[in-house]
1. Would you mind giving the three semi-axes, in whole Å and largest first, of the ellipsoid equivalent to the chain according to its Cα gyration tensor?
2. On the first, second and third principal axes, largest extent first, how far apart are the outermost C-alpha atoms of segment 288-382 in Å?
3. Go ahead and set up a Gaussian network model of the chain, Cα springs under 10 Å, then flag whichever of Gly42, Gly263, Gly277 fluctuates most.
4. How far apart, in nm, are the 7 Å Cα→Cβ label points at Gln272 and Thr25?
5. Asn287 to Lys333: FRET efficiency via 1/(1 + (r/R0)^6), r the Cβ-Cβ distance, R0 35 Å, to the nearest 0.05?
6. Using Cα-only point scatterers and the Debye equation, what is log10 of I(q)/I(0) for segment 216-370 at each q in 0.21 Å⁻¹, rounded to two decimals?
7. What FRET efficiency comes out for the pair Lys199/Lys356, r = Cβ-Cβ distance, R0 = 25 Å, nearest 0.05?
8. Put a dot 7 Å past each Cα toward the Cβ at Thr161 and Val96; how far apart are the dots in nm?
Amino acid sequence: MKIIFKTMLGVAAAAFMHSCATAPTQTLSGLTRDKFVAEINGKPTDLYTLTNANGMEVCVTNLGGRIVSVMVPDRNGEMKDVVLGFDNVANYADKVNSPSDFGASIGRYANRINKGIIVIDGEAIQLPQNNFGHCLHGGPDGWQYQVYEAVQTDESTVVLTMESPDGDANFPGAVTATVTMKVTVDNAIDIRYEAVTDKKTVINMTNHTYFNLSGDPARRVDDQILQINADNYTPVDFTFMTTGEILPVEGTPMDFTQPVAIGQDIKNFDFQQIKFGNGFDHNWCLNTAGDDTQVAARAYCPETGICLEMFTDEPGVQFYSGNFLDGSVTGKKGIVYQQSTGFCLETQKYPDTPNKPEWPSAFLEPGQKYSSHCVYRFSVVE
């Protein structure tokens, strides 16, 4: 991956022409824009600062369409950055020394495809096998490591566009995908995904932000409270691949139908699914039936009072408890990210649904439009 850093003076005109970032010299979250201004594989990167009238701030880089920081108030009115990430684009681009999906807009296919094989019109297509023999998040060169074209349309909205050629990671079809991120008046990040293709293919996009509602990513999220509006989940084998079963959560550590501390059963390795995942890394089958006005999941930090509600029209959500953070990556403000110092709520079709026709379909044909909606809304509980 070729990275060329540019001076702010040298990109000023180009930034204006591309409706580029309106980021101040230093953001509320402490980011410096010039650490994100670069050229990666011949495409410009930048930092985009989205705000609302309440003072909420969300910073996004177009490398991977990643949410870099999210500043929201705690119960005392103190602004907290509640997501994990890096303070420069070079770390995001470095797949060797700082591999991560922090904050990324994942594509073409979020989560796993069994043995990296999809069958389209009778033809078996081999995709990259980058995770226990499966294709994870579109492969090692998925969209999280590619540069989206970005246009900031107003102070609260950025539109990210990915032009993915036919054969990108061996996925069929030339795909044009957009991710529109908007900071709303009610302190939410509203994310809309759309895509079209010229050949039958699979599309399943998501956002991979790691949240820590304490605002202190040096601390584990064990004491943060989670509720998921789901009576069932999809179990996995020891390679993290879904078995094809849909099982009830009742009476198991997978039951988040009532608020539960994330750490309550995170090390309950007597339960095979926790042992396989080294914690939680599973898909929950949402009860919301595509109704994005219903709360699909809710998380809360008792210490700060910061509450996160997630809404989606997707059938599933992957709750990942940061099991594979291991202290090898240093993030913003020089903080080392240890195990379970962040959690993810990734809205999605069920994992490996292209090979499980009884599950909600991820196939997209010419003339059709893929669309997906996710909202992360923040508030304070006194």
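Every read-out reported here was derived from the displayed coordinates using simple, explicitly stated rules and does not represent laboratory data. The model shown is predicted, which means the values in this text are computed figures rather than measured ones. Neighbour counts are summed over all protein chains in view; Cβ atoms, including those assigned to glycine, are modelled from backbone coordinates with ideal geometry.
1. Numbers: eigenvalues 170, 142, 70 Å².
Taking √(5λ) for each eigenvalue gives 29, 27, 19 Å, largest first.
2. So the three principal-axis extents are 47, 36, 23 Å.
3. Gly42
4. Those two pseudo-labels are separated by 6.0 nm.
5. Numbers: r = 38 Å, r/R0 = 1.09.
Approximately 0.35, to the nearest 0.05.
6. -1.40
7. Details: r = 22 Å, r/R0 = 0.87.
That gives a FRET efficiency of 0.70.
8. About 3.4 nm, to one decimal.
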